[in-house]
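Some notes on the structure that comes next.
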């Protein structure tokens, strides 16, 4: 996995998210990508995706909105199959953001990439073989059988923190944000097939496809 926009700058989203991935004990290999750093949290940092020693299965993108389509294009050319776009500044702000999101979707579709977001809080997976926390939440909730899909990042973060304080376990959490790519329908189908999940919770402000 690559974290594009990983940072050492105190208070930066890229700093906290990359640190959360490391502290959760992610079972895969994670590469920080940022041309401004030689290392992030003690991990060797690469200037771009093309410089990585292997093709990441997934890229988490935390850069200014205007740069996101180009980053996703680079990931697609490299062969990455999934992107999670944390960055905001797309359809939710109107104007140029609408066109920028359309460009992002076009790039993802051209390379047949799974796209979560943009403008999202990230994803969690508590399976012991994964242990992924690519969100702003500083703690991984206990492992459990509840999967949670949230369109609101703020509400999702609040529920995760409540689960941690009350020892309520989760199997997965996905913040869909603007739902430009993957939506709740696709996630429902995937989570329904997950043997670790027995309950699926959703918070959505509308349905992408009510059929």
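Since every read-out is calculated from the coordinates, none of them should be taken as a lab result. Computed from a prediction, not measured in an experiment: that's the story for all the values here. Please note: Cβ atoms are built from the backbone with ideal geometry, for glycine as well, and neighbour counts cover all protein chains shown.
Can you quote the Å³ per residue value for the convex hull of the Cα atoms in region 1-69, rounded to an integer? Each step should come with its number before you reach the end.
Values: hull volume 6.1 nm³, N = 69.
Given the Cα convex hull of region 1-69, per-residue volume reads 88 Å³.
Provide 71, 159, 98 in ascending order of the number of other Cβ atoms located within 10 Å of each residue's Cβ, fewest first. Working shown, then result.
On the way: 71 24, 159 20, 98 13.
Exposure proxy ranking, most exposed first: 98, 159, 71.
Taking 2.2 N^0.38 Å as the expected size of a compact globular protein, what ratio does the Cα radius of gyration of region 1-115 give against it, to two decimals?
Details: Rg = 13.7 Å, N = 115, 2.2 N^0.38 = 13.4 Å.
Normalised by 2.2 N^0.38 Å, the Cα Rg of region 1-115 equals 1.02.
Can you tell me, using C-alpha contacts under 8 Å and at least 6 residues apart, the relative contact order of the chain as a whole percent? Intermediate values should be presented prior to the final figure.
Numbers: 476 pairs, mean separation 37.0, N = 211.
With pairs under 8 Å counted, the relative contact order is 18 percent.
Using alpha-carbon pairs under 8 Å, 6+ residues apart, how would you state the relative contact order of region 122-203 in percent?
Values: 150 pairs, mean separation 29.3, N = 82.
Computed value for region 122-203: 36 percent relative contact order.
Over region 2-116, what is the percentage of antiparallel beta bridges among all DSSP beta bridges, to the nearest 5? Before the final figure, lay out the partial values.
On the way: 2 of 16 bridges.
The antiparallel proportion sits near 10 percent.
Using only helices, what value at 222 nm comes out for the chain when you add -39,500 (n - 2.57) per DSSP H run of length 4 or more and divide by the total residues, to the nearest 500 deg cm²/dmol? Please report the intermediate quantities before stating the final value.
Details: 5 runs with 60 residues, N = 211.
That calculation yields -9000 deg cm²/dmol at 222 nm.
Would you calculate the volume per residue, in Å³, of the smallest convex hull containing every Cα atom of the chain?
On the way: hull volume 25.4 nm³, N = 211.
That works out to 120 Å³ per residue.
Between residue 99 and residue 29, how many nm apart are label points set 7 Å from Cα along the C-beta direction?
Reported label-point gap for residue 99 and residue 29 is 4.0 nm.
Taking neighbour counts of Cβ atoms within 10 Å as a proxy for exposure, in what order, fewest first, do 186, 128 appear? Display every interim value, and only then the final one.
On the way: 186 18, 128 10.
Exposure proxy ranking, most exposed first: 128, 186.
At 0.36 nm per residue, minus the direct Cα-Cα distance, what do residue 129 and residue 81 gain on full extension? Give it in nm, one decimal, please.
Full extension of this stretch gives 15.3 nm more.
Suppose R0 equals 41 Å; then what is the FRET efficiency for residue 106 and residue 145 from their Cβ-Cβ distance, rounded to the nearest 0.05?
Numbers: r = 38 Å, r/R0 = 0.92.
The computed FRET efficiency comes out at 0.65.
Can you put 37, 44 in order of Cβ neighbours within 10 angstrom, beginning with the fewest?
On the way: 37 19, 44 11.
Ordered from fewest to most neighbouring Cβ atoms within 10 Å, 37, 44 come out as 44, 37.
How many angstrom lie between the Cα centre of region 119-136 and the Cα centre of region 17-67?
Computed from Cα coordinates, the inter-centre distance equals 15 Å.
Can you quote the Å³ per residue value for the convex hull of the Cα atoms in region 122-203, rounded to an integer? All intermediate terms of the calculation are to be shown ahead of the outcome.
Details: hull volume 6.9 nm³, N = 82.
Cα convex hull per residue, to the nearest whole number: 84 Å³.
For region 69-210, what proportion of DSSP beta bridges, expressed in % and rounded to the nearest 5, is antiparallel? Mind dumping the intermediate values first?
Numbers: 7 of 21 bridges.
Close to 35 percent.
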